[in-house]
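Take a look at the structure set out below.
The values are calculated or read from the model by the stated rules, or taken from the named source; none is laboratory data. None of the values given here were measured: they were computed from a predicted structure. Heads up, the Cβs are rebuilt from the backbone with ideal geometry, glycines too, and the neighbour counts pull from every protein chain shown.
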Amino acid sequence: MRFPMCNWRTNIAKKQVMAKIILEYGERKVLGEIFNVSQLTIRRALSCKTNTDLAKKIRKVALDRGGVLKPNQNPTQQ
């Protein structure tokens, strides 16, 4: 699954507000247990700050578990 809103290279260069995946309370902890990773890894994956294979898997599972993709909120973008 591709996340075009999570293009981290252009986001860093343009200093845009990146897309995020919003989850219900406690779901981040569950994702951490599923993938056996830290909460920092989960947070970076869901806020599109990393774009590794693991981050892509975390985002996919988060969306499958009811997460909502919140797109860019940068008012300068058209």
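Structure above, values below:
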| item | result |
| --- | --- |
| Those residues of the range 57-70 which are within 18 Å of residue 30 (Cβ to Cβ) and touching a residue at least 12 places away in the same chain (Cβ under 8 Å), in sequence order | 57, 58, 59, 60, 61, 62, 63, 65, 66, 67, 68 |
| Inter-residue pairs, beta-carbon under 7 Å, first free of Cβ contacts under 8 Å to residues at least 60 places away in the same chain and in the range 24-50, second of a type in the set (D, E, K, R) and part of a helix (DSSP H, G or I), 6+ apart | 39/28; 42/28; 45/59; 46/59; 50/44 |
| Residue match in the range 13-28 (condition: assigned to a helix (DSSP H, G or I), of a type in the set (A, V, I, L, M, F, W, C) and modelled with pLDDT under 90) | yes |
